[in-house]
Each structure stands twice: as C-alpha cells, then as structure tokens.
Ligand code: 5GP
C-alpha cells in the first residue's frame, strides 16, 4: 500500500537490521487518518469473506483493528496480556514470546466473545517470527471458530513469520512488505516486483 510505504519512509526509524520503529504514527502516537485508510484497505481485501469478528493483541494492534472493524461493521476483540491466568476463568489462552521486548506473556480472551460460528480476521501491527499471530490463531481455534485470514500492517518478509503462517494454509494480507532493513532504510517488496518473480 503506497500511502503506508511513504509514511514508513518518511517517519519510520530503522533501529537495526531487524527492528523498525514507527512510534510516531502506529506504536505510540497514532495517526487516525492513516489508521482509517489501513482499516478501509483491510476491509476491502476481506470484503467477500463473511468476517464476523476481528481479533488482535494489545496494544499496538488495536488501532488498525478497530478501524477495520468499523469498515466491516463487526466487533473487535483484543487478546489481553496477563502475568498469570486463573484456571477458574473461562478463557481462551496462549503464550507468546515478544520479539521486541524479549519477554513471554500469557494471552487471554474471554470465551464468551468467540464461538464456532465465527469467521475471524486476525489483525496485528507487525509480522516478524509469527509468534503473536500463531498465538492468536491458537486461541481462535480453541473456540472452534474459523481463522479466515490474517491482516498485517507491516510484514518483515526477511523474517520467517509470513512463511510459517502460509505453510499452515493461512491467508496473509500485509499492507507493507519489507525485504530488508539496511543502512537506515527500509526496502519494500512492491506488487510489481512480485509479478516478475
Ligand atoms: P512476531 O510475534 O511475529 O515475532 O512479532 C510480532 C510482534 O512483535 C508485533 O505484535 C509487534 O508488536 C512486535 N514487533 C515485531 N517486529 C517489530 C518491529 O520491527 N518494530 C516494532 N515496533 N514492533 C515489532
């Protein structure tokens, strides 16, 4: 998505060859106009799929997920990060190791918000090793709901997450795909380049 690529070029900061910082429009300060455009784009890509719920993870997935929910007119559920989960609660759970914070979190979604009739679109801000997305897939499957697709704002295609998800037969739609972070710059995989591969 050209608009997003331009924003990353203009305001993103390449911290090192693995990490891109986008605190000024996605991860700390949020650009609502851009989020709305991202939501519109995701909603168009999944318009024909009968999505009934969106599932994301707190906190950075919430903004693009809510905008997508607005355009698809469906509720948005965010998995909460908890230090410990009481076994008595009726929860869908998974653990996830954070790529950027190097810590493991327990994730939980109240079972009452997902059921076997739901067709779920998972949304997240970044895709790196796929841990966050796979944990969300696991929770949706615990509810016997269907994962219809995964929408990612920024995919770092040089890391294995996208490949892992696709190998599981999951549809991944990423709005910006980065092939490398080098010399302080992000290089994008454009649709044109892909056609010629
Ligand atoms: P994964 O679970 O796919 O390894 O990593 C995805 C999660 O890690 C995302 O939810 C995001 O919060 C965080 N993340 C991964 N890579 C980056 C990055 O380059 N920049 C930022 N800001 N967050 C990232």
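The values are calculated or read from the model by the stated rules, or taken from the named source; none is laboratory data. This structure is a prediction, so every number in the text was calculated from the model and none was measured. Neighbour counts run over all protein chains shown; Cβ positions are idealised from the backbone, glycine included.
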Worksheet, complete the sentence: Taking the range 101-139 and keeping only residues that are on the phi > 0 side of the Ramachandran plot and either under 11 Å from the mean Cα position of the chain (by Cα) or away from the ligand (no atom under 11 Å from the Cβ) (or both), one is left with 130
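Do we find that residue 61 is in contact (Cβ under 8 Å) with a residue 24 or more places away in the chain, away from the ligand (no atom under 15 Å from the Cβ), touching a strand residue (DSSP E or B) at 6+ places or on another chain (Cβ under 6 Å) and closer than 27 Å to residue 2 by Cα in this structure?
It is false that residue 61 is in contact (Cβ under 8 Å) with a residue 24 or more places away in the chain, away from the ligand (no atom under 15 Å from the Cβ), touching a strand residue (DSSP E or B) at 6+ places or on another chain (Cβ under 6 Å) and closer than 27 Å to residue 2 by Cα.
Let's see how each residue does on (1) over 23 Å from residue 52 (Cα atoms); (2) in contact with a strand residue (DSSP E or B) (Cβ under 9 Å, 6 or more places away or on another chain); (3) at pLDDT below 95; (4) part of a strand (DSSP E or B):
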site: 125; (1), (2), (3), (4): no, yes, no, yes
site: 134; (1), (2), (3), (4): no, yes, no, no
site: 139; (1), (2), (3), (4): no, yes, no, no
site: 147; (1), (2), (3), (4): no, yes, no, yes
site: 150; (1), (2), (3), (4): no, yes, no, yes
site: 153; (1), (2), (3), (4): no, yes, no, yes
site: 159; (1), (2), (3), (4): yes, yes, no, no
site: 173; (1), (2), (3), (4): no, yes, no, yes
site: 186; (1), (2), (3), (4): yes, yes, no, yes
Worksheet item: Within the set of pairs 6 or more residues apart or between chains, which connect a residue that is closer than 18 Å to residue 19 by Cα inside the range 129-143 to a residue that is part of a helix (DSSP H, G or I) and within 6 Å of the ligand (Cβ to nearest atom) with Cβ atoms less than 7 Å apart?
Response: 129/161; 130/161; 133/161
Item to complete: Please indicate, with yes or no, whether at least one residue in the range 5-28 is touching a residue at least 60 places away in the same chain (Cβ under 8 Å) and away from the ligand (no atom under 14 Å from the Cβ).
Response: yes
Worksheet item: Does the range 156-174 include one or more residues that are away from the ligand (no atom under 15 Å from the Cβ), over 22 Å from residue 74 (Cα atoms) and more than 14 Å from the chain's Cα centre (by Cα)?
Response: yes
Item to complete: Quickly run through the range 158-186 and pick out the residues that are surrounded by fewer than 18 Cβ atoms within 10 Å (Cβ to Cβ) and within 21 Å of residue 34 (Cβ to Cβ).
Response: 173, 185
